[in-house]
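Q: Have a look at this one before I ask anything.
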Amino acid sequence: MELKQKIRMISAAAAVLGCLFTALAAASYSLVCTNYTVFSQKVTRRYRIALITDLHDSCYGKDQSAIMALIDREKPDIVALCGDFYDERCENADTDRFMRLISRYPCYFVAGNHEMNEPEKYAEYREQMLSYGIELLENRTVYADELCISGISETGDGAAFDEKAAAFAKGEELRELRDSGRFNLLLAH
């Protein structure tokens, strides 16, 4: 399989992921929940996956009660956290509270540009998330039941997503995805 096909395959997986999950708007926007259904012969049961991104240290209700009520109502099996939760311009107390609460679910995190804008602060954020049991997918793959979940984090150097996807495709991860027989999810900011 040629590199362009691999990049298209990864991009298609990312597009399917975007259509698969619940999307939440950032900052001052209201919460939005959209449901999509995707069928695959690679899974034998229904998986409910919530995709949350770009909260930028926003507060949704007292102690994050509004966002947590919405997520709890959806009863996700997995939560995909796709970057820009922590913001270098904020104190991140609301993000820390959210991460503590959301960690009651199996969570998979990839960093966005705001996490990576200040590497020293990101090191602190990483430690917080790890202490809550959140799985960090920093350009790697993990397996969860019938799912193969991969993550491409921002690099903080402004590299284009296609370049990061190409670098990911050259690694062993893509071979694992192709050979796993599992349903593949690619998380990226």
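The values are calculated or read from the model by the stated rules, or taken from the named source; none is laboratory data. Please read all numbers here as calculations on a predicted model, not as lab measurements. Virtual Cβ from ideal backbone geometry, glycine too; neighbours counted across all protein chains shown. SASA here: full protein model, heavy atoms, side chains in, ligands and nucleic acids out. Shrake-Rupley method; radii C 1.70, N 1.55, O 1.52, S 1.80 Å.
Q: Ranked highest first by average number of other Cβ atoms within 10 Å, how do 115-121, 32-38 line up?
A: On the way: 115-121: 15.6, 32-38: 10.6.
Descending mean neighbour count gives 115-121, 32-38.
Q: What does the convex hull of the Cα atoms of the stretch 80-136 come to per residue, in Å³, rounded to a whole number?
A: Hull volume normalised by residue count: 63 Å³.
Q: With θ set to phi - 60°, apply the Karplus curve 6.51 cos²θ - 1.76 cosθ + 1.60 along the stretch 40-49 and write out the HN-Hα couplings as whole Hz, x wherever there is a Gly or Pro.
A: Values per residue, Gly and Pro as x: 8, 6, 7, 10, 9, 9, 7, 10, 9, 10 Hz.
Q: Nearest 0.05, what FRET efficiency do Arg45 and Asp72 give at R0 = 30 Å with Cβ-Cβ as r? Could the numbers behind the result be given before it?
A: Details: r = 21 Å, r/R0 = 0.69.
E(calc), rounded to 0.05, equals 0.90.
Q: Then there is this: What accessible surface, in Å², does a 1.4 Å probe find on Glu146, ignoring ligands, DNA and RNA and rounding to the nearest 10?
A: Glu146 has an accessible surface of roughly 40 Å² with all protein chains in place.
Q: Beta carbons within 10 angstrom, averaged per residue: use that to sort the peptides 98-110, 66-78, highest first. Before the final figure, lay out the partial values.
A: Working: 98-110: 19.8, 66-78: 15.8.
With the highest mean Cβ count within 10 Å placed first, the list reads 98-110, 66-78.
Q: Right, something else. I need two numbers for the stretch 51-116: Rg to one decimal and Dmax as a whole number, Cα atoms only, in Å.
A: Rg, Dmax (Cα atoms, Å): 11.2, 32.
Q: Quick check: pseudo-label points 7 Å beyond the Cα along Cα→Cβ at Glu120 and Ala144, how many nm apart are they?
A: Calculated label separation equals 3.3 nm.
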